[in-house]
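See below for the structure under consideration.
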Amino acid sequence: MSDPRIGRRALLRGAGGLAALAALPSLAACGTGTSRASAGGGKTVVVRDSGGSYGAALQKAVYTPFTQETGIGVKVLNLDDAPLLAQIKQGRPQCDLINNSMMAHLKYAKHNALEALDKDRLKSLQSAKIPDRQITGHAIGHSFYGQCVGYRTDAFGGRKPESWADFWDTKAFEGGRSMVSPDGDLPELEFALLADGVPMDKLYPLDVDRAFKVLTRLRSDIKKFWDSGPLPGVLLSRQEVTMSTVWDGRLADLQKQGVPVERQLNGMRRQFSGYAIAKGAAHVDAAYQLMDFALRPESQAALAKAFPSNPSSPLAYAKLTEDQRNALAGAPKYYDKGFDADIDWWLKNETAVTKRWLEWARG
């Protein structure tokens, strides 16, 4: 299953990775476009997303209602960054609207691969009250995912881990641990610093030396590094570990199946996904219309009902039932428990941190 939170991270390490990709020859044949919606009159907008269950949810919650309202058909491309960047470099992008992480959009913008946004064409920015920090000159954040603690509720004699310090405390909370590898997401330096007593609002700039020192204390208890969203749940289900870092929505299906797992959102790291328009897009006006539609609180709420995404619009949560709202890490009752990843810091330091992480993991 494809997942919006998994990119070709090994190829996209820092700005240098995108520079290498941008130098690639044309790879247009690599696109795997599939038409998901059509409309009469020939009007179409082409959007890049990652497909899978996320793509199916987008189709149900956003694309089909958009076509019904506007008459503009939506064609979806499940396209990797390498061919898309090569196309943009040659002035022939196959897609108009790009749904990707905000960090990826910043990387694209540094290579002049995105259109500068005319925010006056996006009425939803004000009506949805999108936070200013999720609005850049080239992209708008539509949702986030949170990285947090997942644990077995039957592992600790009724006690519950309450913090990252508990994740590191393998005496009080026995059992193996799992953490992410750079092929799955950004290295989890912030969690090590939180475990060592650094306040959430004092994390950045990250003290890399201190973080790796704390990580080393846990290294012998880390049984596996996960590189895909489902894997932490699998490890917890098989009781190979008692705690793992995990994407916040990934345990819901296991809970429905009766697996004794729960999440702890204290110290959750948030990363946003967003929309941007490809430089040289053929259907710019339609791309603005689809972006504006998708950013509406109603659209964000509809998507949250179909897929465990956390809307960027605070108004979207009021359009959900209490149970639906509280199932999301973005619910008002949970929001202050977490922090936003500083993607500017990560853009500058990801390559060096990843290299050091690989050396540390080999141990």
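Points worth noting:
- At full extension, Leu265 and Ala172 could sit 31.5 nm farther apart than now, given 0.36 nm per residue minus the alpha carbon distance.
- Straight-line cross-link reach from Lys110 at under 21 Å between alpha-carbon atoms covers these lysines, not counting any fewer than eight positions away in the same chain: Lys89, Lys119, Lys279, Lys348.
- Accessible surface calculations at 1.4 Å, restricted to protein heavy atoms, place region 99-218 at 41 Å² per residue.
- When the Cα positions of Ser143, Val234, Leu206 are compared along the charge dipole of region 125-246, Val234 comes out farthest toward the positive end, with charges on each C-beta of Lys, Arg, Asp and Glu.
- Size of charge dipole - the chain - debye, nearest 20, with Cβ of Lys, Arg +1 and Asp, Glu -1, no other charges: 400 debye
- Charge tally around Leu235: other residues with Cβ under 14 Å, Lys/Arg +1 each, Asp/Glu -1 each, net +3.
- Point-charge dipole on Cβ atoms (K/R +1, D/E -1) for region 87-223, about Cα centre, debye to 20: 240 debye
- Computed from backbone phi, the HN-Hα couplings of region 217-230 come to 4, 9, 3, 5, 9, 7, 7, 7, 9, 8, 10, 8, x, x Hz, rounded to whole numbers (Karplus: 6.51 cos²θ - 1.76 cosθ + 1.60, θ = phi - 60°; Gly and Pro given as x).
- Cut-off 10 Å between beta-carbons: net charge of the residues surrounding Asp196, Lys and Arg +1, Asp and Glu -1: +2
- To put it simply, the accessible area of region 58-153 at a 1.4 Å probe is 45 percent carbon and sulfur.
- Sites Ala252 and Asp227, calculated FRET efficiency, Cβ-Cβ separation with R0 22 Å, nearest 0.05: 0.60
- Two-site label geometry, Ala282 and Arg92: point separation in nm, points 7 Å out along Cα→Cβ: 1.1 nm
- Hz values of 3J(HN,Hα) by residue in region 275-291 - Karplus curve (6.51, -1.76, 1.60), Gly and Pro given as x: 10, 8, 10, 5, 4, x, 4, 7, 10, 5, 4, 5, 5, 4, 5, 5, 4
- Annotation: amide H-H contacts under 5 Å for Val45 (H modelled 1.01 Å from N, sequence separation of 5 or more, or interchain): Gly73, Val74, Lys75.
- Nearest-ten-degree value, helix 297-306 long axis tilted from longest Cα axis of the chain: 60 degrees
- With a simple spin-label model that places each label point 7 Å from the Cα along the Cα-to-Cβ direction, the separation between Thr64 and Ser163 comes to 4.7 nm.
- Computed magnitude of the charge dipole of region 240-363 (debye, nearest 20; Cβ of K, R +1, Cβ of D, E -1): 160 debye
- In this rough spin-label picture, where each label sits 7 Å from Cα along the Cβ direction, the Asp183-Ala331 distance is 3.5 nm.
- Among 291-301, 48-58, 198-208, 232-242, the peptide with the highest mean count of other Cβ atoms within 10 Å heads the list, and the full ranking is 291-301, 48-58, 232-242, 198-208.
- The chain: proportion of alpha-carbon pairs further apart than 27 angstrom, %: 47 percent
- Theoretical FRET efficiency, 1/(1+(r/R0)^6), r = Cβ-Cβ of Val234 and Asp342, R0 45 Å, to 0.05: 0.90
The values are calculated or read from the model by the stated rules, or taken from the named source; none is laboratory data. Note that this is a predicted model, so its numbers are computed, not measured. Cβ coordinates were reconstructed from backbone atoms using ideal geometry, including for glycine residues, and neighbour counts include every protein chain displayed. These accessible areas exclude ligands, DNA and RNA; they are computed on the full protein's heavy atoms, side chains included. Shrake-Rupley method; radii C 1.70, N 1.55, O 1.52, S 1.80 Å.
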